[in-house]
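The values are calculated or read from the model by the stated rules, or taken from the named source; none is laboratory data. A quick note: this is a predicted structure, and the numbers were derived from the prediction, not measured. So basically every Cβ, Gly included, is an ideal-geometry build from the backbone, and we count neighbours across all protein chains shown. Areas reflect the complete protein model, heavy atoms only, side chains present, ligands, DNA and RNA absent. Shrake-Rupley method; radii C 1.70, N 1.55, O 1.52, S 1.80 Å.
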Amino acid sequence: MLGMAPKTARKRPRTSTLPRKRERENPGGEKGRSARTPRAIWSGTISFGMVSIPVRLYSATESHDVHFNLLHKRDGVRLQNVRWCPKDEKSVPWDEVVRGFEYTKGNYVPITEEDLDHLPVKTVHTVDISDFVKLEEVDPIYYDKAYYLAPEETGAKAFVLLRQALEETGRAAVAKVAIRDKESLCLVRPYQDVLSMDTLFYANEIRSTKDIAVDRAGVSPKEIQMAISLIENLSDSFDPERYHDEYQVALKKLIGAKVEGAPLPAPPSERGEKIVDLMEALRASVEATKKKASDRADEKAPVTRTRAISSRRRKSA
């Protein structure tokens, strides 16, 4: 993939490729814009058969990670990233930066936005659907980045038609689209009231497991059954709201303590003695999770009983 030029180093591209990372971090340079305000980062069409649906593309995820800056250890001053030209022995401003491809050692050819406009591919402006597949056929290892697709006003009816048809058939659309100077494979599927578009890795981008694969390693039937029991005790429906990033919470507390000059939080205590025997470890784990499974069943039971009572009352009425 070609190098990336910053927003200030070039004119607004005529193609509908997605913006570079630098542009996404500070879209438009607008101050005070709410982080929750949806902003389309691409516009084009969904194309399948003879149907074209005008759509807008939105990022579906956002990061809440704590970010660090690099400081000079001696005086605590924040370091600057400098674009240095070794020939002129000076820093280079963004408006003098262009992209280039190294075709032989030390020789580069510059590539401009105007050059990219000459690419003979329609996916620059189009989510080009080629196939429809069952969603469960796509292994999660292929998923890369998630986006939302929403219709332009003129394409609302066709958009809803496609979404409902995908829902009722249990299918997802395999397509291609040009994103950040690369034609990406993607999967379009229904998600709530819109469509999600997940970019996918190509097959040759997934590394083989050949050199790291292991065989059964002498696992006994009893150990397998015990492991199954452990899995069953810990099984539940997936609820993403139940999971939280505890590391980020703890990191923010640690930073707060450092800023205030307060004592740092105590590190986690060492766990108990490790159980070496696999069967013993499995048996202890099953016993420890039985109560959790029982408590979870008790939490759900009152709802079931209430529904049953309500059903009987309706029948008697």
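Brief remarks on what is shown
- Of all residue pairs spaced 6 or more apart or on separate chains, none has beta-carbon atoms under 8 Å together with a first member in region 48-76 that is touching a residue at least 60 places away in the same chain (Cβ under 8 Å) and open to solvent by 60 Å² or more (accessible area, probe 1.4 Å) and a second member that is assigned to a strand (DSSP E or B) and among the acidic types (Asp, Glu).
- Positions within region 77-99 being in contact (Cβ under 8 Å) with a residue 40 or more places away in the chain, open to solvent by 80 Å² or more (accessible area, probe 1.4 Å) and of a type outside the set (Asp, Glu), in sequence order: Val98
- Apart from one condition, Lys21 fits all of (1) closer than 21 Å to Asp198 by Cα; (2) exposed (fewer than 12 other Cβ atoms within 10 Å of the Cβ); (3) at pLDDT 50 or above; the exception is (3).
- The residues listed here are Leu195, Leu230; of these, the one that is modelled with pLDDT under 90, open to solvent by less than 90 Å² (accessible area, probe 1.4 Å) and either among the aliphatic types (A, V, I, L, M) or in a strand (DSSP E or B) (or both) is Leu230.
- Cross-chain or 6+ apart pairs with Cβ under 9 Å, region 199-227 first and under 30 Å from Asp128 (Cα atoms), then at pLDDT below 90 and not in a helix (DSSP H, G or I): Thr199/Ile179
- Note on region 138-157: among residues that are within 23 Å of Ile179 (Cβ to Cβ) and part of a helix (DSSP H, G or I), the one that is least open to solvent (accessible area, probe 1.4 Å) is Gly155.
- In summary, Gln192 fulfils each of the numbered conditions (1) among the polar types (S, T, N, Q); (2) touching a residue at least 24 places away in the same chain (Cβ under 8 Å); (3) on the phi > 0 side of the Ramachandran plot with the single exception of condition (2).
- Filtered by the rule that a residue be under 21 Å from the mean Cα position of the chain (by Cα), among the hydroxyl-bearing types (Ser, Thr, Tyr) and farther than 16 Å from Pro54 by Cα, region 149-199 gives Ser184, Tyr191, Thr199.
- Only one entry in Asp236, Asp215, Asp211 is more than 30 Å from Ser285 (Cα to Cα) and not in a strand (DSSP E or B), namely Asp211.
- Of the residues making up region 115-130, those that are over 14 Å from Gly44 (Cα atoms) and either open to solvent by 80 Å² or more (accessible area, probe 1.4 Å) or among the polar types (S, T, N, Q) (or both) number 4.
- Note on region 41-132: enclosed strands (runs of 3 or more DSSP E) holding 1 or more residues that are hydrophobic (A, V, I, L, M, F, W, C) and farther than 26 Å from Thr169 by Cα are 42-48, 99-104, 107-111.
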